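Take a look at the structure set out below.
FYI, it's all coordinate maths here, none of it is from the lab. Predicted model, so just to flag it, every value in this text is computed and none were measured. FYI the Cβ positions are ideal-geometry reconstructions off the backbone, even for glycines, and counts take in every protein chain you see.
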Amino acid sequence: MMCTAKKCGIRFQPPAIILIYENEMKGKSRQRIMPVRNFSKFSDCNRAAEQLKNNPRHKNYLEQVSLRQLEKLFSFLRGYLWGQSLAETMEQIQRETTIDPEEDLNKLDDKELAKRKSIMDELFEKNQKKKDDPNFIYDIEVEFPQDEQLQSCGWDTESADEF
């Protein structure tokens, strides 16, 4: 069955992921409610998102929904279960999904480092210009302003006779 995901959201009571999709064969918009079971305020959002995405009953419908989006929806649900307001949960998710350029990534454990790398990959894919983009230019030459005198290094001033 071919379907195109249009919107994906969450319902808090009873907990469920709601997907609005378009059936490509009939051209009709439909809604699919996927109940969230066995999820508590201590649950891992990443694992819950993977389980829902790989569930055979929902797999065909969730192909076009990114795992990151499902993780965010489960984070909203977990925040609701903790008693946080929607604004507090959004702020917490924003802090978790942004990368501080001053942060030392060498000090992170493997799980956190993998999470930061996936965020960077997603941001790169979003900002990347592809050949099909209307603003794509093949060969861009940029001249950078030189405010200060460039310092030369010893290795590039040596003559070629030494080789």
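Quick notes
- With θ taken as phi - 60° and the Karplus curve 6.51 cos²θ - 1.76 cosθ + 1.60 applied, the whole-hertz 3J(HN,Hα) list for segment 132-137 is 7, 5, x, 9, 6, 10 Hz, x standing for glycine and proline.
- Space enclosed by the convex hull of the alpha-carbon atoms of segment 1-96, per residue, Å³: 94
- Mean sequence separation of contacting Cα pairs (under 8 Å, at least six apart), scaled by the length of the chain, corresponds to a relative contact order of 14 percent.
- Summarised as an ellipsoid, segment 34-77 has semi-axes of 17, 12, 8 Å, derived from the eigenvalues of the Cα gyration tensor scaled by 5 and square-rooted, with the largest first.
- Percentage relative contact order, segment 1-96, counting C-alpha pairs under 8 Å, at least six apart: 24
- Answer label for semi-axes √(5λ) of the Cα gyration tensor in Å (calculated), chosen among [x] 39, 18, 15; [y] 43, 16, 15; [z] 45, 24, 15: [z]
- Local charge for ARG95 was computed over the other residues whose Cβ lies under 15 Å away, with Lys and Arg +1 and Asp and Glu -1, and equals -4.
- Pairs beyond 22 Å (Cα-Cα), from LYS107/LYS129; LYS72/LYS117; LYS41/LYS111; LYS7/LYS117: LYS107/LYS129; LYS7/LYS117
- Furthest towards positive pole of dipole, PHE12, PRO145, LEU62, structure part the chain, Cβ charges: PHE12
- Distance between the C-alpha centres of segment 100-128 and segment 2-47: 27 Å, rounded to the whole angstrom.
- Local net charge near ASP121, Cβ-Cβ under 13 Å (Lys/Arg +1, Asp/Glu -1): +3
- Hydrodynamic estimate: the Kirkwood radius of segment 1-57 over Cα pairs, inserted into Stokes-Einstein at 10 °C and 1.306 mPa s, corresponds to D of 127 µm²/s.
- Size of electric dipole in the chain: Cβ of Lys, Arg +1 and of Asp, Glu -1, about Cα centre, debye, nearest 20: 2640
- Computing FRET efficiency as 1/(1 + (r/R0)^6) for GLN128 and GLU63, where r is the C-beta to C-beta distance and R0 is 22 Å, gives about 0.50.
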